[in-house]
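Every number in this text was worked out from the coordinates using simple rules, so none of it is lab data. It should be emphasised that the depicted structure is a prediction, and the values quoted were computed from it without experimental measurement. Here the Cβ is made from the backbone with ideal geometry for all residues, glycine too, and neighbour counts use every protein chain on show.
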Amino acid sequence: MAPLASRLPAPTGKAPVLLQVAAITKSYGEQRALADVSFDIQRGEILGLIGANGSGKTTLLEAMAGVLPVDNGSVIWRGLALSLVHRRDVIFYLPDGLRPWDDQYVERVLEFFAAVYGRSKSEASETVHGVGLAPVLGKRVSALSKGFARRLMLALALLTPHPLLLMDEPFDGFDLKQTRDIMGLIRRVAANGRTLVLAIHQLIDAERICDRFVLLADGKVRGMGTLGDLRVCTDLPSAGLEDVFLALT
Amino acid sequence: MSGRALWTMLLILCPLVGYSFFQAVTLYGEASSAAREQPALASGLSPLDGVLVPTFGAFYVTVTLLFPFVALRALGREKESGALRLLVQLPYRVSTLIGAKMMAVMVAWLISVSPVISAVAIWSAFGGHLYAPETLNLVFGHSLYGLLIGAIALFAAAISESSATAAIVTLAFTISSWVLDFALAGQPGVLAWISRLSLTQTLRAFEQGLLPAGLVLGIASATGGFAALAAIWLHPGVALSAKLMRSVLCVCAIGIVLAIATQLKTSVDLSEDRRNSFPAADEQALAGLRQPLVITVHMAPEDPRYIDLQRNVLSKLERILPDVTVRLATIGQTVVGSTSEESYGEVEYSYGGRSAKSRSTSHREVLPLLYGLAAMPIPAPAAGGDFPGYPLVVSGWDALPWFLGALPLLIVVTWWWSRRAPNIPSQFIEDGGQS
């Protein structure tokens with residue numbers, strides 16, 4: 001079998017490259033969490049970072065956002081190296097499992113974010129209704145269920161103006177119907193010109209929402225492209241993402 | 001504001017400050033009763049020493065032991081919950097974030113000081129005398145101390161993964177200051193210099209009505225330095241090596257400013273009784289001594305006479321004269337056994353190539369000796385200006401209902417008010433169901 005790199009498809013070139021991740025390496029002591037990870041993100045797409053737990057998805061998102069120092073590698077924005085201080089100008093990273101400012105009321109947290117990013121009340125209201133947060137605006141963050149806490153985080157991300165959103169496990173904590181609703185919302189966000197990178201370990205969810213995929217295992221990129229591209233790589237013409245993922249990892 | 005730490009500390013402060021105030025007022029009243037019978041005693045009754053310093057003393061203990069928990073919460077909660085990763089992505093510099101946190105700490109300190117301010121107001125309502133410059137100077141000193149503790153707490157929160165660790169780091173700073181006070185106070189040489197690093201030393205001058213420029217600069221630079229270190233260590237995306245390098249540069253910069261601060265001798269005596277100054281006529285005359293004055297003290301540093309001499313003469317001379325050098329010629333001597341029994345207790349003053357010895361610790365004897373060395377006439381004492389003293393017989397019991405009842409109730413009500421649910425804007429709840 002040919003080496004993996006030669007089997008990976010080249011960027012399609014259909015959409016302009018927004019951001020390039022170039023040879024990012026990160027180790028925790030002896031353990032290598034990311035090994036020479038490189039890929040492109042195209043403008044307006046929904047890119048899925050797919051991998052099992054511990055494959056390096058969160059580490060990669062944090063490295064891209066600049067909230068985790070890396071050993072090597074760089075992030076290139078429209079052809080120019082993006083320094084740490086400028087990451088926050090174009091990238092917003094939504095971590096997984098956060099319940100920030102938990103002694104505050106939901107409405108105040110949203111108001112704070114809307115004020116920081118100069119969002120009007122109507123924009124804030126639209127976001128609140130978009131993610132279905134209205135019923136819990138008067139509750140403290142600490143009193144929210146897992147699903148509503150996730151919606152709050154999503155609302156915070158949507159209130160930001162950044163062209164690139166990185167989201168870690170955005171569908172965790174949602175049931176099937178809620179997941180579908182949130183997927184619809186994310187699609188509308190992408191349709192409005194924002195680019196999204198979603199770290200997802202549920203392959204069924206990923207297959208439904210993502211335009212392209214980066215498959216990670218043991219901190220290495222094992223495949224990237226559309227599902228069609230990956231099927232070609234694996235010689236599995238009618239396979240789903242699950243089979244493709246198993247074949248490549 | 002809605003967190004429990006601040007309000008709990010306020011509730012603890014009420015009885016502590018209240019009891020200190022009660023005791024101070026009671027003792028002051030007893031001393032004032034004696035002054036009624038012997039008017040000469042009245043001049044020793046200063047509200048600064050008798051009421052303000054003891055009342056602020058309870059506040060100092062609370063700020064040292066409890067305020068760190070309030071201050072580090074400003075950052076510690078965000079580190080623990082992971083919200084820091086959101087915070088550093090906001091469109092602000094890290095220094096701006098730390099500046100905002102310092103502002104929050106300052107607001108928390110202002111709220112914390114309210115029981116003490118109420119005690120001062122009650123003292124005034126009782127008819128007690130307050131001299132605004134020395135009172136404000138004392139408040140200013142405590143505010144500098146509070147901000148320094150706050151900055152240390154923020155730094156501790158920035159370098160620690162949990163609030164518990166941050167609390168231990170902060171308390172290590174504050175409590176080790178007490179250790180320095182007890183272990184090294186009165187020691188000569190390097191030990192004396194190390195003992196000056198104690199945080200509690202920051203308040204001593206203000207409690208004596210002094211506003212020393214060097215100390216203010218030193219505390220301000222230490223506060224700024226800890227805040228800068230907090231900013232350096234806050235961002236999780238910066239590599240450890242870069243943080244260490246920046247920290248070294250920051251510590252060097254703080255060290256330079258502190259070194260400059262130690263050389264600043266300028267200070268203003270804001271005490272009403274001018275306890276840190278010689279009489280006005282002497283101060284005017286001494287201002288004419290431009291040559292170096294060398295004072296050699298043959299006493300052990302822990303000798304009470306040396307402490308008297310320092311308070312009554314040396315510190316005042318150092319404030320006025322441009323070039324004073326004080327030498328302890330008794331390194332290795334102790335009060336109970338000196339290497340040269342005959343000279344022990346002597347103080348030698350050398351000025352303009354002449355010298356004279358004295359065993360006195362009073363400026364009334366030392367200053368004429370200095371005038372003699374400088375071949376100057378002894379100035380005539382200026383008339384008036386003596387501190388009259390402010391005796392006041394009043395019962396401290398009257399203040400206790402405020403500190404043990406009304407003020408805690410007011411704090412609880414304010415706490416409850418600060419935790420109330422917000423009014424949800426109508427456009428948020430349109431089509432959105434219940435709120």
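From the largest down, segment B:280-373 spans 40, 25, 19 angstrom on the principal axes of its Cα atoms.
Whole-Hz Karplus values for segment B:315-321 come out as 5, 6, 5, 5, 6, 9, 7 Hz, taken residue by residue from phi with 6.51 cos²θ - 1.76 cosθ + 1.60 and θ = phi - 60°; glycine and proline positions read x. Treating r as the C-beta distance of B:ARG93 and A:ALA81 and R0 as 25 Å, the FRET efficiency rounds to 0.80. Running a GNM on chain A with Cα contacts under 10 Å, which residue among A:PHE112, A:PHE171, A:PHE148 ends up with the highest mean-square fluctuation? Maximum among the listed residues: A:PHE112. Charge tally for B:GLU134 (other residues, Cβ to Cβ under 11 Å; Lys, Arg +1; Asp, Glu -1): -3.
Computed from the Cα positions only, the extents of the protein assembly as shown along the three principal axes stand at 109, 56, 39 Å, in decreasing order. Of A:LYS57/A:LYS220; A:LYS139/A:LYS177; A:LYS26/A:LYS220, which sit over 19 Å apart, Cα to Cα? Table pairs above 19 Å Cα-Cα are A:LYS139/A:LYS177.
For segment B:160-175 versus segment A:185-249, the inter-centroid distance based on Cα atoms is 45 Å. For the protein assembly as shown, the dipole from Cβ point charges (+1 on Lys and Arg, -1 on Asp and Glu) about the Cα centre works out to 1460 debye, to the nearest 20.
Computed over Cα pairs, the Kirkwood radius of segment B:122-166 leads via Stokes-Einstein (0.692 mPa s, 37 °C) to a diffusion coefficient of 253 µm² per second.
Ratio of segment A:40-101's C-alpha Rg to 2.2 N^0.38 Å, to two decimals?
Values: Rg = 12.6 Å, N = 62, 2.2 N^0.38 = 10.6 Å.
For segment A:40-101, the normalised Cα radius of gyration comes out at 1.19.
Selection among B:PRO368, B:ALA281, B:LEU293 by position relative to the dipole of segment B:280-373 gives B:ALA281 as farthest towards the positive end (Cβ unit charges, Cα centre). Highest mobility in the GNM of chain B, judged by mean-square fluctuation with C-alpha springs under 10 Å and restricted to B:LEU215, B:LEU244, B:LEU138, is found for B:LEU244.
In terms of the ratio Rg/(2.2 N^0.38 Å) built on C-alpha atoms, what value belongs to segment B:4-271? Taking N as the residue count of segment B:4-271, the ratio is 1.10.
Between amide H atoms placed 1.01 Å from N, distances below 5 Å from A:ALA217 occur with A:ARG222, all of them 5 or more places distant or on a separate chain. Summing Lys, Arg as +1 and Asp, Glu as -1, what charge do residues with Cβ under 12 Å from the Cβ of A:ARG208 carry, A:ARG208 excluded? Taking every other residue near A:ARG208 into account, the sum is -1. Overall size of segment A:75-139 from C-alpha positions, given as principal axis extents largest first: 44, 26, 18 Å. Counting beta carbons within 10 Å around each of B:VAL25, B:VAL94 and listing the fewest first gives the order B:VAL94, B:VAL25.
Counting charges near B:PRO47 (Lys, Arg +1; Asp, Glu -1) among other residues having Cβ under 11 Å from its Cβ returns a value of -4. Taking the Cα centre of chain A as reference, the dipole from Cβ charges on Lys and Arg (+1) and Asp and Glu (-1) amounts to some 500 debye. Look at the stretch A:136-144: the mean tally of other chain Cβ atoms within 10 Å of its residues' Cβ atoms is 3.
Put the Cα centre of segment B:391-420 next to the Cα centre of segment A:11-79 and the gap is 58 Å. Here each label is just a point 7 Å from Cα along the line to Cβ, and for A:SER238 and B:ALA183 those points are 8.0 nm apart.
For A:VAL109, B:VAL63, which order do you get if you count the other beta carbons within 10 Å of each Cβ and list the fewest first?
Details: A:VAL109 21, B:VAL63 25.
Neighbour counts put them in this order, fewest first: A:VAL109, B:VAL63.
Residues whose amide H comes within less than 5 Å of that of A:ALA33, counting only those at least five positions distant or on another chain, are A:LYS26, A:SER27, A:TYR28 (H built at 1.01 Å from N in the peptide plane). To the nearest ten degrees, helix B:213-234 and the longest principal axis of the Cα atoms of chain B are 30 degrees apart. Whole-Hz Karplus values for segment A:158-171 come out as 6, 6, 7, x, 5, x, 10, 10, 10, 10, 9, 6, x, 9 Hz, taken residue by residue from phi with 6.51 cos²θ - 1.76 cosθ + 1.60 and θ = phi - 60°; glycine and proline positions read x. Calculate the translational D of chain A in whole µm² s⁻¹ from Stokes-Einstein, where the hydrodynamic radius comes from the Kirkwood formula applied to all Cα pairs, the temperature is 25 °C and the viscosity 0.890 mPa s. This corresponds to a translational diffusion coefficient of 131 µm²/s.
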